[in-house]
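Structure record follows, encoded as structure tokens.
The values are calculated or read from the model by the stated rules, or taken from the named source; none is laboratory data. The shown structure was predicted, so the numbers you read here are calculated from the model rather than taken from an experiment. Here the Cβ is made from the backbone with ideal geometry for all residues, glycine too, and neighbour counts use every protein chain on show.
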Amino acid sequence: MSARTPSPWRERLASPLTWHYAGLAILLVAVIGLSIRLGLDWAATNGTSTGALQAKQLQLKALDLETLPLRGLGKRVDDTHSQMQGFYSRRIPLNYSSIATRIGELALKGPVRLTRVQYTQGPPGSDLTEISMDAGIIGGYPQIMRFVNGMERDQTFFVIRAMSLTGQQGGQVNLRLRVSTWLRPADAEASGLPPTPQPGDAPAAPSAPPTPQGKEGK
């Protein structure tokens, strides 16, 4: 009986080279798998880091925009204070007498006649106290408008609060005018003017009519 011929597959399986190749293939597959996993993990980590960085950049930009109005605030406050002081020195009267004198001068330029003139002072403020004038004006329409326009454009700061027509006869117009200006609190207190009536209060007694500067005793 003749001996059986060995199978080629058995010879290959028994060969150390075959197992070497098989181990190398398995190792190669494992390396490829690990490489893919590492690549995915790196991409995820990189994406998360990029997103976090962009979020921080947006927060920084938002904070920069929020603080933008505050830059140079100290200088702007100083400039505003200087402008206010310049306005006060140019357009706020020094005392009550200068208010009455200036209104009298404007009335002469109209010319108009002032009646029932009443000056009062409001509550003192931190910087200024409002001085109110309530008066009747008699004159022709062009003269009254010249007087009113003169007050609005005058160097002394006047604000016209209200005007109302109270009568008209023979070309003469009777007008009631309420005007405000301001004094520094110490000057307003020194004026001795009565307080401005509040709603429901009794009206204050009329003040003396304004006398233009240089007209006293004439």
Members of the stretch 106-120 that are out of contact with any Gly (no Cβ under 9 Å at 6 or more places or on another chain) and in a strand (DSSP E or B): Q118, Y119, T120
Candidate set from the stretch 92-137 (those that are of a type in the set (A, V, I, L, M) and surrounded by fewer than 17 Cβ atoms within 10 Å (Cβ to Cβ)); member that is nearest to N174 (Cα to Cα): L108
Residues being farther than 19 Å from G110 by Cβ, surrounded by 15 or more Cβ atoms within 10 Å (Cβ to Cβ) and either at pLDDT below 85 or in contact with a Cys (Cβ under 9 Å, 6 or more places away or on another chain) (or both) - total across the stretch 181-218: 2
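Against the condition under 27 Å from the mean Cα position of the chain (by Cα), under 17 Å from Q118 (Cβ atoms) and in contact (Cβ under 8 Å) with a residue 24 or more places away in the chain, how does T166 come out, does it pass? First the steps, then the outcome.
Details: under 27 Å from the mean Cα position of the chain (by Cα): no; under 17 Å from Q118 (Cβ atoms): yes; in contact (Cβ under 8 Å) with a residue 24 or more places away in the chain: yes.
Judged against the criteria, T166 is not a match.
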Which numbered condition R178 fails, given (1) touching an Asp or Glu at 6+ places or on another chain (Cβ under 7 Å); (2) surrounded by 17 or more Cβ atoms within 10 Å (Cβ to Cβ): (2)
Spans of strands (runs of 3 or more DSSP E) in the stretch 124-193 with at least 3 residues touching a helix residue (DSSP H, G or I) at 6+ places or on another chain (Cβ under 8 Å) and β-branched (V, I, T): 129-139, 172-183
